[in-house]
Amino acid sequence: MPERPKILLPEDRYFDPDPRVREVALALYREVANLPLICPHGHVDPRVFADPDYRFGTPTELFIIPDHYVFRMLYSQGIPLEALGIPTRDGTPVETDHRKIWQIFAEHFYLFRGTPTGMWLNHELYSVFGVRDRLTEETAQEIYDQIAEKLESPEFRPRRLYEQFNIEVLATTDPATSTLEHHQAIRDSGWKGRIIPTFRPDAVVNLDTPGWREQIQRLSEVSGIDVTDYPSYIRALEQRRAFFKEMGATATDHAAVTPYTEALSEREADAIFQRALRGEASADDAVRFTGHMLMEMARMSVEDGLVMQLHPGSFRNHNQPIFERFGPDMGGDIPLATEFTRNLRPLLNRYGNEKNFTLILFTLDETTFSRELAPLAGHYPAVKLGPPWWFYDSWNGMMRFRQLVSETAGLYNTVGFNDDTRAYPSIPARHDLARRVDANWLADLVVRSVIAMDEAQEMIHAAAYGLAKQAYRL
Amino acid sequence: MPERPKILLPEDRYFDPDPRVREVALALYREVANLPLICPHGHVDPRVFADPDYRFGTPTELFIIPDHYVFRMLYSQGIPLEALGIPTRDGTPVETDHRKIWQIFAEHFYLFRGTPTGMWLNHELYSVFGVRDRLTEETAQEIYDQIAEKLESPEFRPRRLYEQFNIEVLATTDPATSTLEHHQAIRDSGWKGRIIPTFRPDAVVNLDTPGWREQIQRLSEVSGIDVTDYPSYIRALEQRRAFFKEMGATATDHAAVTPYTEALSEREADAIFQRALRGEASADDAVRFTGHMLMEMARMSVEDGLVMQLHPGSFRNHNQPIFERFGPDMGGDIPLATEFTRNLRPLLNRYGNEKNFTLILFTLDETTFSRELAPLAGHYPAVKLGPPWWFYDSWNGMMRFRQLVSETAGLYNTVGFNDDTRAYPSIPARHDLARRVDANWLADLVVRSVIAMDEAQEMIHAAAYGLAKQAYRL
Amino acid sequence: MPERPKILLPEDRYFDPDPRVREVALALYREVANLPLICPHGHVDPRVFADPDYRFGTPTELFIIPDHYVFRMLYSQGIPLEALGIPTRDGTPVETDHRKIWQIFAEHFYLFRGTPTGMWLNHELYSVFGVRDRLTEETAQEIYDQIAEKLESPEFRPRRLYEQFNIEVLATTDPATSTLEHHQAIRDSGWKGRIIPTFRPDAVVNLDTPGWREQIQRLSEVSGIDVTDYPSYIRALEQRRAFFKEMGATATDHAAVTPYTEALSEREADAIFQRALRGEASADDAVRFTGHMLMEMARMSVEDGLVMQLHPGSFRNHNQPIFERFGPDMGGDIPLATEFTRNLRPLLNRYGNEKNFTLILFTLDETTFSRELAPLAGHYPAVKLGPPWWFYDSWNGMMRFRQLVSETAGLYNTVGFNDDTRAYPSIPARHDLARRVDANWLADLVVRSVIAMDEAQEMIHAAAYGLAKQAYRL
């Protein structure tokens, strides 16, 4: 019987082939490999920490069904989402045999060769679940058993993993209308893990959100402020921010199709708000109102010190039939070309020179890295650059980010790494990959005598730990 | 006498400098170096195969006069196209001494240093024509003689070269109104080479094509359907597709300034069509009609199984004075920024989830590789990505494509290589370069432990042969 | 006492890690390291050469206060410009203790790690001022003394540095209304240095320039032509070009927000001009007039042989509060996405095929390198590509330029290096970095057998010296 192929995870993996670069990269990587993880932006459900006995379910429920990075690739190759057990909104029946779904996944695992998802999954299987064989058609069921067994054990409760993963702080992302009851339960439990909320008001700020009026109704309820006009709306948002801050939040997060900003007069803002309440707001109203509210959020950040994050440029739910059957977050969000220079000017002219304000920019349009974002971050005191987002959270994506951004903005106008994930057990793999990228980037600079080794050592510490902690005020 | 400089073609040429990468790249390259060539998209004239005794003419007629990749570079450095023997439409006399033109070419061959054209030409001179000296002012006439002699010999008939080149299938590109008489002649001759047509309806679909009404007249004639309105137009197109398919076609090809798509009602489509027949269609009509016809072509592909190719984003005949004197394809086509996410949504929402539909996308705007195309291909079952087109069919262009696309779309949502050439004897050189790029890309991943050697071996076979055959249904 | 960290400047610095590439790169670099410097585009004040005893002032006046590359980075990290001694327009007091400013600079010198500014400064400190210790908090004052002492010595007069730097020619940039009195003084002095002006008419051509009417008034005065309408305006511009040419100019330079071009009729041009004289020109008038004047400037270049440079795509003075307090050139110019294909077509269709015309294009949008600029330069005889501008005048920026441009346009449609600086003593460092980039780029091609060593030798000479001299007609 031929030997089964194994998962490859040598200590110096991913580094550039050149022996000198590998050697320096490995030395730099070792300096930070065991530093605690700072997770200032992500989508882990706080519920998993609120219940000390939370269990992840089957391997399929952990690895496939909730992870659109995984199932979108299988779907792109013609495997129906129904066959992967993805729940439908319209009652279409889906596969319920989790071993069968896992088998399909294993048979198509070759699709992830060379992708970050493939790299994370291999790391996670190996390091978190102790798997040594490569996931294939043949090994699928054995590996399923191996993972399932681990998931039963007490060490695999989320709180235990938090400690095992050496997480120092983990921020969740929560709607403005959340009562943060899971965060409260975590606090009340006396557990020492630091799980903090992030204020994400998109659903009450973007007038074209489906069900916006219900969201405003809910905002009234949770804030205790009767939201009937623009001034009361602003007061309610301020109340929520204060509440989030009290619950540990240090940041807000904002999505928008474009980073358009515009200062409306209070009167204009109220007129649009009233039209929206009557269900009469136009598409143009929605664009202008979002642009105005980004400025209001910046104003509030100047006042309350919450760090502002902006994630523009995703065309959500591009695939209408898939959206109708399965809902959002099905792998069908497609990036758009994004313009920052003109769009952000009103906001930056008003708040970009404020010392107490931090605006962290993300993009899905990497042409803006060197053209717009690095020059903005290399000038405005408020602007910092978030790490490569989504499709660019990958070896080459992160490497390009460093190469395109650093010559203009330097390292110190960036904010370290975000894992930005709902796949909790993949967190160590993601941070590890990012730390390797930075070690490799800096090693190359050392070997080429652009920087000295002692400078690289300071820089890798900043990239792996210090910058995230500082930028997010953690 | 100093030794003459020679053409350099070591076996491990082009690979990365690192010795480990070179070694692995060479091993991977050797696995596929002699596989048959799949040529699913190109512009070789079928006439050259229809006549078993077809001859290419002089070296100048083979290498320079028909190849806008070559003469555009000479023109950019101030050499008039007339001096290169490029035929004019307006009767301006041009150089007819082919040895003189060849001499100019040789004296300026240094302009192609580091360009793919230079790499292909050196390969072609060396491997196809047995030339060993570098092409220079001094060697020009000797090399001319050497090539001219070869071109006389029976081994240089196109059918013999087809066998020598180890081509498995070669697709031509043919207007919708073609009677495919050369393809018929090839079939009738009993020769075993597989030369298949590709259905390219641009001239009848893009209302602003010069002479569109004459094209419609011709469509009526060849289809035997009297095209007087939109329904008969659609029937005629369906007839042509069926005919092409019967003649061996497996694919269609479409050019458009933008990939805009829009579903018109039959009534609107007919109204525009009628205006066009009367010569009254506006620019906006033309844009909308092309956008609508792309959707119709997708519908027909779902029905008849022809693979759909889309090549958007070229501003054709940018240089008006050159166009007026010499006509199209004079090296003056310049790329435009291209938007896929919004433009393709109507088409993809209607047909992108169809299992029997393949839409292969090409671009001249490489910013869309990672921003739009890889996310689309990594989600929609119908979408696959064509290889780097035109200016990007080059070492760095192809390498960037792999680096920008693969992390999101993987290898298996791409379709292998297209030589896309009218320069028939350059075909082996072009495939060889592409196979080297992939060997080098994969070798780097192996050395960095991103993938294992057995995975790389499967991947190089797919990239060099399997994916093209499968995606184009060959 | 631990040894102080030293500035690292090994002879083979910056080259790729691979030993073969380094070796070949070093050999190629040595071929050109000592060639004279051609400086065809820059912003050194001609005054520094007009006065044979000109002194640069304090180290802070030389390195920090005039250099927005330096102080923008400090500002981005929260250091007020006032604390850096940047003069204000509104009378706000600023720091005047130059040692204190230098200390702040030294304490934040780590921000420049991996940036071109950091690389230039280290080179300049080491090679021009003999500094060996790295600039840090501890060494700040000692290094200040060391530089200050040098600046006192006669070898540090600008004319002496010109000779020491081995400059062959240096072009300044001068408004159309300049009387070029400093250039005249240099001539009159009998000094042999070649300092030539460049004709930059933005302030009289762009109607939205603040104070445009005063500029026109000044144009009348210096030209001796009473500018009252469009024809007299054109005559005055022609007079200025002739004067600049007589004073040694070989080129013009033009900035524009976009490279939009359009041929207005003389009547339309005059109507807009008249509206502008009355202070009634609209924003659209300004855009069209600039587009028209770019075409007029091309026409004049065809006639007088001055090489035309175009620098589009900078959003100037993005940060309004900083502009109001400090004026222009404060590090707040942010790039915009730029479109060349459609915008330049009118100009290129009229003048792009002219043999006596050279149009050198620059960009701050590097997505246009491969998409638009290389295809334009690889076709139109008039078009040549300027070196990477501003944020891209960096190791990675220049390397990307070569990789993105060369496969389509070749080396010979580019024009060598521009230092484009007002920081005179940084000129050798900038040219050295550019020569290293090209040596490294070519060495990689040699090692990969894309080109032969003798070809690389010719190419490095062209890149480092010949192309600039030829393209700018020097």
Query - Separation between Cα centres of segment A:378-408 and segment C:185-204, rounded to whole Å - result: 42
Report summary line: Using alpha-carbon coordinates alone, the radius of gyration and Dmax of chain A in Å work out to 22.8, 78
Requested in this report: Report the normalised scattering of segment C:230-385 as log10 I(q)/I(0) at q = 0.08, 0.12, 0.17, 0.20 Å⁻¹, calculated by the Debye formula with identical scatterers on the alpha carbons.
Outcome: -0.26, -0.58, -1.12, -1.34
Query raised in the report: Which cross-chain or sequence-distant (5 or more) residues have an amide H under 5 Å from the amide H of B:Asp253, H modelled 1.01 Å from N in plane?
Result: B:Phe199, B:Arg200, B:Gln309
Report task. Would you mind pulling out the separation of the Cα centroids of segment C:266-342 and segment B:316-371, in Å? Result -> 31
Query raised in the report: With charges only on Cβ, +1 for K and R and -1 for D and E, what is the dipole size of segment B:154-286 about its Cα centre, in debye, rounded to 20?
Result: 640
Query - Dimensions in Å of the protein assembly as shown - Rg and Dmax from alpha carbons - result: 32.4, 97
Requested in this report: Positive end of the charge dipole of segment B:314-433 (Lys, Arg +1 and Asp, Glu -1 on Cβ, about the Cα centre): tell me which of B:Thr414, B:Gln403, B:His318 has its Cα farthest that way.
Outcome: B:Thr414
Query raised in the report: By Cβ position, which chain C residue lies least far from the axis that rotates chain C onto chain A, and what is the distance to the nearest whole angstrom?
Result: C:Thr367, 3
Query raised in the report: Taking only DSSP H segments of four or more residues, each worth -39500 (n - 2.57), what value at 222 nm results for chain A once the sum is divided by all its residues, to the nearest 500 deg cm²/dmol?
Result: -13500 deg cm²/dmol
Report summary line: Mean projected area (nm²) from the convex hull of Cα positions in segment C:170-273 is 7.2
**Report entry** Filter on B:Lys245/B:Lys355; B:Lys192/B:Lys355; A:Lys384/C:Lys384; C:Lys6/C:Lys192 - keep pairs with C-alpha separation over 26 Å
**Finding:** B:Lys192/B:Lys355; A:Lys384/C:Lys384; C:Lys6/C:Lys192
Query raised in the report: Measuring label to label, 7 Å along Cα→Cβ, what does C:Thr88 give against each other copy in nm, shortest first?
Result: 6.8, 6.8
**Report entry** Dipole in debye (nearest 20) - segment B:322-366, about Cα centre, beta carbon charges: Lys, Arg +1; Asp, Glu -1
**Finding:** 340
Report summary line: If labels are modelled 7 Å from Cα along the Cβ direction, B:Asp45 lies from its partners in the other copies at nm distances, smallest first, of 6.7, 6.7
**Report entry** Cα Rg, Dmax (largest Cα-Cα span) when computed across segment C:56-154, Å
**Finding:** 13.1, 40
Query raised in the report: What's the average, rounded to a whole number, of partner chain beta-carbon atoms within 10 Å of each residue's beta-carbon in C:315-321?
Result: 5
Report summary line: Final fewest-first order of A:Ile216, A:Ile186 on the 10 Å Cβ neighbour count is A:Ile216, A:Ile186
Query - Full-extension gain in nm, B:Leu35 to B:Ala271, via 0.36 nm per residue minus C-alpha separation - result: 79.8 nm
Requested in this report: Would you mind pulling out the separation of the Cα centroids of segment B:45-77 and segment C:1-74, in Å?
Outcome: 49
Query raised in the report: Simple spin-label model, 7 Å along Cα-to-Cβ: C:Arg278 to C:Ser153 in nm?
Result: 6.5
Report summary line: Label points for A:Arg473 built 7 Å along Cα→Cβ; distances to same position in the other copies, nm, shortest first, come to 6.0, 6.0
Query raised in the report: How high is the relative contact order of chain A, given as a whole-number percent (alpha carbon pairs under 8 Å, six or more residues apart)?
Result: 20
Query raised in the report: Can you give the average number of partner chain beta-carbon atoms within 10 Å of each beta-carbon in peptide A:108-118, as a whole number?
Result: 6
Requested in this report: List the longest stretch of chain B that has no exposed loop site; here a site is one of the GluC sites (Glu not before Pro) assigned by DSSP to anything other than H, G, I, E or B, with at most 15 other Cβ within 10 Å.
Outcome: B:281-474
Requested in this report: Give the share of C-alpha pairs in each 5 angstrom bin for segment A:356-442, from 0 to the last occupied bin, in whole percents, shortest bins first.
Outcome: 3, 15, 27, 25, 17, 9, 3, 0
Requested in this report: Any chance you could list P(r) for segment B:114-250, counting all Cα-Cα pairs in 10 angstrom bins from zero, rounded to whole %?
Outcome: 10, 28, 22, 21, 15, 4, 0
Report summary line: For segment A:56-154 the mean separation of alpha carbon contacts under 8 Å (6+ apart) over residue count, i.e. relative contact order in percent, is 28
Query raised in the report: Quick one: if the Förster radius is 56 Å, what FRET efficiency do A:Arg55 and B:Glu23 give, using the C-beta to C-beta distance and rounding to 0.05?
Result: 0.70
Requested in this report: Provide a whole-number value for the mean count of partner chain Cβ atoms within 10 Å of the Cβ atoms in peptide B:344-352.
Outcome: 3
Query raised in the report: Using alpha-carbon pairs under 8 Å, 6+ residues apart, how would you state the relative contact order of segment A:310-417 in percent?
Result: 24
Query raised in the report: Roughly how big is chain A's charge dipole about its Cα centre, with Cβ charges of +1 (Lys, Arg) and -1 (Asp, Glu), in debye to the nearest 20?
Result: 620
**Report entry** Three semi-axes of the equivalent ellipsoid, segment C:217-259, Cα gyration tensor, whole Å, largest first
**Finding:** 19, 16, 8
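Laboratory data are not the source of any read-out in this text; all were calculated from the coordinates shown. These numbers were taken from a predicted model, which means no experiment stands behind them. When we count neighbours, we look across all protein chains shown, and the Cβ atoms used for this are built from the backbone with ideal geometry, even at glycine.
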